[in-house]
1. Taking amide hydrogens as modeled 1.01 Å from N in the peptide plane, which residues meet the under 5 Å criterion relative to T252, leaving out close sequence neighbours?
2. Can you classify region 1-86 as rounded, prolate or oblate using the Cα gyration tensor, where a ≥ b ≥ c are the square roots of its eigenvalues, rounded means a/c under 1.5, and otherwise it's prolate if a/b beats b/c and oblate if not?
3. Can you tell me the order of 300-308, 14-22 when each peptide is scored by its average per-residue count of other Cβ atoms within 10 angstrom, highest first?
4. If you keep only loop residues by DSSP, which trypsin sites (Lys or Arg not before Pro) in region 4-98 have at most 16 other Cβ atoms within 10 Å of their Cβ?
5. With all protein chains present and a 1.4 Å probe, how do S254, S76, S284 order by accessible area, largest first?
6. Placing +1 on the Cβ of each Lys and Arg and -1 on the Cβ of each Asp and Glu in region 65-221, which of V97, N65, P86 has its Cα farthest towards the positive end of the resulting dipole?
7. Got a number for carbon plus sulfur as a percent of the chain's accessible area, 1.4 Å probe?
8. Could you check the spin-label model distance between A182 and E320? Points 7 Å from the Cα along Cα→Cβ, value in nm.
Amino acid sequence: MEQHKIDLTTPEMTALWTTYIQNTATVCFFKHFLTFIQDAEIKPIVEDALQLSNNYINEIKDIFNKDQFPIPKGFSENDIDLSAPPLFTDLFALSFVYRVGQMNVDYYAKSLTKVARSDTVQFLDNALYTSTQLYKKSLQLMLSKGIYDRPPKIPYPHKVEYIEKDPPLLQSLLGEKRPINAIELGEIFYTIERNCIGLLLLFGLIQVTKDKEIKDYLIKGRQLAEKQIETFNKVLKEEGHIGNIPVSMEVTDSTLSPFSNRLILFIISTTAAAGIQLLSYSMSVSMRKDIATHYVQLTFEVMRYGAKGIDLLIKRGWMEQPPQSVNRMKIN
């Protein structure tokens, strides 16, 4: 039976292209961490993270070469200085693997539902499985190291209940507060947690960045992360819950950057883009007016911040062009 060549669809191109770029970026961080890691438990997890990223990069190269699709430039040895002193401690390296795992599991799962070509399905299915396994390892080690702060707890309900005709739920949308529910508590916890990890990353990058324009951008990102932490910790405290406390400072005193300005700007812009999606989801499941309003306001602020990062990348000539469609209306 004749086999017909099946070209990549736009979601398949997007998933592979984006995964390639992002993994070439995180490889640089993993290599920097591994140059200095001393902790015998953390080192194997970072080594696994590096190996997985390299595997994904090579598998995507094979698919692209087979289709004669241009290999993205991404990031390389030119974007990392392995002779620079350590910028972060071992505990932050573990937190970084954990946070990257959170984003990867979510991204690969979403991408898997949008593809159909067998090699792309197989790649994303494997990437989802292997990144999930690594995420679980990093989570368990964070728990054992005492650097994972568990989400808030509430009493179990005594019985199954249904929303009444004039429920407190709807009243809250009109302004009257009701007790915070489990869904909202969980989303608030993870909003604070990811901003705490992002804050430590920004502290380190600000410390070594000499370019004033990029440094000012990073400082704005730090202020935005601090605002999210403060906003939602205040909500927790007003509800009688203990606010989440950021993990201890895990940044060294180094002032020599191990990363290129292009890589620094890319990783923070990418993090902002992921934050927009997560804030939007949190907003969609928060049914109390004051909490939803916080998410709406912060989403717009993070959108503006992310757009500024993209503008800087484009202005510097550092933004790779994603695969583009042809405007068929202009074809004669």
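1. F88, T89
2. It is prolate, given that a/c is not under 1.5 and a/b is the larger ratio.
3. Packing proxy ranking, top to bottom: 14-22, 300-308.
4. When the trypsin sites (Lys or Arg not before Pro) of region 4-98 are filtered for loop state and at most 16 Cβ neighbours within 10 Å, K5, K73 remain.
5. Of S254, S76, S284, the descending order of accessible area is S284, S76, S254.
6. After comparing all options, I get V97.
7. 57
8. 4.3
The values are calculated or read from the model by the stated rules, or taken from the named source; none is laboratory data. None of these values were measured; they are calculated from a predicted model. Every residue, glycine as well, gets a Cβ built from its backbone with ideal geometry; the counts of neighbours run over all protein chains shown. Heads up: the accessible areas ignore ligands, DNA and RNA and are worked out on the full protein's heavy atoms, side chains in. Shrake-Rupley method; radii C 1.70, N 1.55, O 1.52, S 1.80 Å.
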